[in-house]
Structures are given as C-alpha cells and as structure tokens.
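What follows is a short report on a single structure.
The values are calculated or read from the model by the stated rules, or taken from the named source; none is laboratory data. These numbers were taken from a predicted model, which means no experiment stands behind them. Please note: Cβ atoms are built from the backbone with ideal geometry, for glycine as well, and neighbour counts cover all protein chains shown. Side chains are part of the model used for accessible areas, which takes the heavy atoms of the whole protein and leaves out ligands, DNA and RNA. Shrake-Rupley method; radii C 1.70, N 1.55, O 1.52, S 1.80 Å.
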Amino acid sequence: MRSDGESDPLGEAASVGVRVAAVDVAGLCDESLRARLVEIGRARSGLEAMYADTLGEIARRDSAAVAEQVAKEKLSMSGRAARADVKTAVALSELDVTRSDLAAGRIPSAHARLIARAAGEAPIDEGFLVARARREGYDQFRRTVARHVADCSGDDGESLLERQRRSRAGRVFTRRDDGMVVVNLELDPLTGARVNSVIAATERSMFRDEDPGARPTPTQRTADAITKLLLEPGRRRPAGTTLLVVADYDMVNHRLRDARLADGTPVPIGEIAKAAVDMKVLPVIFDDANADLCMGRTRRTATELQRAALALRDQGCIGCGVAPERCFAHHITEWQHGGPTDYANLVTVCNDCHKVKIHEQGFTVEGAGRGRFGLRAPDKRSNGSSSTACRAPPG
Ligand SMILES: [Zn+2]
C-alpha cells in the first residue's frame, strides 16, 4: 500500500490525528489489521509533527531548557528523552520539507529524526534526503543519511569521525533498584566496529564449546564474552577477528572511494590503513560470478570470503536483523539434501532464528527482491485454523 498522496499537507495534518477510529481489532481480518497499522503509522507521524511544533514553539518563546522541563513535567518523561525530543523539535523547525512530510504522514518520525540529526552534523540537501525517506526502510535510510553526511562534510567524513571520537563515553555503575552492575560504552563507528568484532569472535568461539542442550541466550553470551575478555586478558585473540571495510573503485581516477563498514557506516579512507595495523584486511573484488564464492560440494562451511560477501548482501540475520558478526551462513537447499556451499545458496542467519524460526517453527527462506532474502512465516491457513473473515474497515 502506498501512502504518497499529493493532497494539501497541512489540511491532511490537521485531520490525520482524528482519522483513526477505535475498533475492536479482534474482529478484523489480517488484511484490515495491516491496513489499520499503516493508517495508525500515518496518524502517528502527524501527531509527532504537532508534538515537535509545540515543543519547538516553547523553546522559541523561552529556551530549550524550559521546553525540556515542561516536557518532563507534563508528559512524565525522563530528562534524557525530553532533551532528545527538544533537540529534534528545534532542528525540525528549520526543516520545512521534512516537517510537512512528517505532518502529512509521508515519512515516519524515525526518518525525520535522522534528518534532524544529520542537519546538525553537516550542510545537508534536505530535499534529497526527504525524497529518499519516502521510499526507503529504516535501515537503508540510516545508511543513506550516513553516506550523505560524510559526502556533505567535504573531508570524507574525517571531521565527523573526529567529533564522534570526542563524544566517546563509558559508564560503570551499580543499578540502584536491583544491584546489577551496568557497563555501558559509546564509541565512534570505527573503534566500535573493531571492539565489536573482537567480542563477536569470542562469542563464536564460545558457541562452539557450548552444550547444545543448554545454551545461554544471545545477551548472556555477549556478557560472558566481554567478561572473559576483561578477566582473562592473556588469552589469544580468537580466530576470525576481521574488520570488514568496503570501498568502491573509481575507474576514472584510479582510486578507492566511499569506504564503509559492512553495515554501510561511512569511514574515511585515510583511517583504514590505521585500523589495518592490528586487524586482518580482506582485499577482494566481489562479483556474483566470482569462482571464489562457489565452493560447490567441496566444503560444507562457508569460507571467510563468502561470509564477508554474505555480510554485505544480507546486512545481518535475514530473520531478525542481528549484526552479521553474530551470524553464520545457512544453506537454503540444505547440505544434506545436496545443496552446494555457493554464494547463491547461502544466507546469513543468527543462531536463534536458525534454531527457533527455521527448524522449530518452519519458516522458509525466500527472495525479497534485488538479490536480497528474508524469512517467510509458515502459512497458518494450512494448519486448519480458520482466519477471521474480512469485512470492510470502519470509517
Ligand atoms: Zn536472527
């Protein structure tokens, strides 16, 4: 369902908040439930625009600090959330195109927040970002914005990375309500990716040693891995600690450009050499026809090169989106049924989606267009349960 109607944005915004009627959702068919979700999403965007207008106006009349205080008191918000909302509201008051698209429900509030934040980091092209926000999902749009900010910063993202480095923060504290010790770290994308790759490699090596009948949850495993790295510093770094950086080759100027991490976060080319000192670098050119990506029946597990190519294509678990470092390569046509260890027969899945969704709940791998894959839920109608009859949506 598309929601890019071209009606008057302000008129639509004025009515969008009241257009969603209260209904008994238990009586709706699947299709109506989905349509209702879209309708609520648009109404929510409209409300977010009104919310930002109101907060922005308070900040304009008094100050951002006063707006924060009012939001905290009147909406019982945390100080942190109030500060973030006021910052977004103030930025949006300068971004007319973003604001009117949000008001009309053409872009979700999360996209508008990304644009508002980007406007504080570089001289962005607002029209370009809004046009992309209308058609891109959150993850793709986040990458678009990151690339755009790096391009607009005029120095391949060096100054942005420098700012992010200065924003680093670490906190270790005992939570008062339950006595748990919380370790919290905020790092620039490049340092963060290096730290993450060491933690993820430790998790993979721990996973191999686990009793399959008594596995910890993914968050327990991450906690165990970090504890192990801190308390047993003499251990050798686990194998597979790879930092995946991708760049495009500029055929005209014979140089690499647009370097980025596997999740699309841009990194300055100049920083790659520094990172490469203690990380392994895989210098390859990916091509679907590349023989290196087709192992056929010669080996069952994916090669490091295949894992890297899959990380780029799938951007993480195709079932839940968890980062590629915490995933493995799954055969679409299973190995025991003759499936080859070829790029085209492999997808990235995390351990949980593999065990629970694929093997216990019967989800299947299916193409999601443009060479991407997703997990499809088993058709519930085939198990005999009757689906609620469809009727015309109210209003
Ligand atoms: Zn998953």
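Only one residue in Pro123, Pro189 is open to solvent by 60 Å² or more (accessible area, probe 1.4 Å) and not aliphatic (A, V, I, L, M). Which one?
Values: Pro189 fails: open to solvent by 60 Å² or more (accessible area, probe 1.4 Å).
Checking each option against the conditions leaves just Pro123.
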Worksheet, complete the sentence: Out of (1) part of a helix (DSSP H, G or I); (2) at pLDDT below 90; (3) surrounded by 15 or more Cβ atoms within 10 Å (Cβ to Cβ), the one Asp139 does not meet is (3)
Worksheet item: Just checking, which of Asp85, Asp53 is surrounded by fewer than 19 Cβ atoms within 10 Å (Cβ to Cβ) and in the same structural domain as Gly120 (by TED's automatic domain parsing)?
Response: Asp53
Worksheet, complete the sentence: Considering segment 315-346, residues that are within 11 Å of the ligand (Cβ to nearest atom) and part of a strand (DSSP E or B), and then whichever is surrounded by the fewest Cβ atoms within 10 Å (Cβ to Cβ), we arrive at Phe328
Worksheet item: Which one of the conditions (1) under 30 Å from Val38 (Cβ atoms); (2) touching a residue at least 12 places away in the same chain (Cβ under 8 Å); (3) surrounded by fewer than 20 Cβ atoms within 10 Å (Cβ to Cβ) does Leu114 fail to meet, given that it meets all the rest?
Response: (3)
Discussion item. Here is a check on your reading of the model: is Ala259 open to solvent by less than 30 Å² (accessible area, probe 1.4 Å) and not in a strand (DSSP E or B)?
Written reply: no
Worksheet item: List pairs: first in segment 293-319 and touching a residue at least 12 places away in the same chain (Cβ under 8 Å), second open to solvent by 60 Å² or more (accessible area, probe 1.4 Å), Cβ under 6 Å, 6+ apart or cross-chain?
Response: Leu305/Asp292; Ala309/Phe286
Discussion item. Just to be sure I understand the filter: pairs with C-beta atoms under 8 Å, separated by 6 or more residues or on different chains, first member in segment 171-195 and over 17 Å from Glu325 (Cβ atoms), second member modelled with pLDDT under 95 and among the hydroxyl-bearing types (Ser, Thr, Tyr). Which pairs pass?
Written reply: Met180/Thr174; Val181/Thr174; Val182/Thr174; Glu186/Ser167; Asp188/Ser167
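One residue is enough: does segment 215-234 have a residue meeting the conditions loosely packed, with under 10 Cβ neighbours inside 10 Å and of a type in the set (D, E, K, R)? If you could, list the steps in order and put the result at the bottom.
Our first condition is that a residue be loosely packed, with under 10 Cβ neighbours inside 10 Å; within segment 215-234, this holds for 217, 219, 230-234.
Applying the additional criterion that residues be of a type in the set (D, E, K, R) yields 232.
The answer is yes; a qualifying residue exists.
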Item to complete: Report yes if some residue within segment 292-313 is among the hydroxyl-bearing types (Ser, Thr, Tyr), under 22 Å from Leu243 (Cα atoms) and either away from the ligand (no atom under 16 Å from the Cβ) or out of contact with any Asp or Glu (no Cβ under 7 Å at 6 or more places or on another chain) (or both); otherwise report no.
Response: yes
Worksheet item: Looking at this structure, is Asp177 within 13 Å of Pro266 (Cα to Cα) and loosely packed, with under 15 Cβ neighbours inside 10 Å?
Response: no
Worksheet item: What are the residues in segment 350-367 that are open to solvent by less than 70 Å² (accessible area, probe 1.4 Å) and more than 13 Å from the ligand (Cβ to nearest atom), if any?
Response: Gly362, Gly367
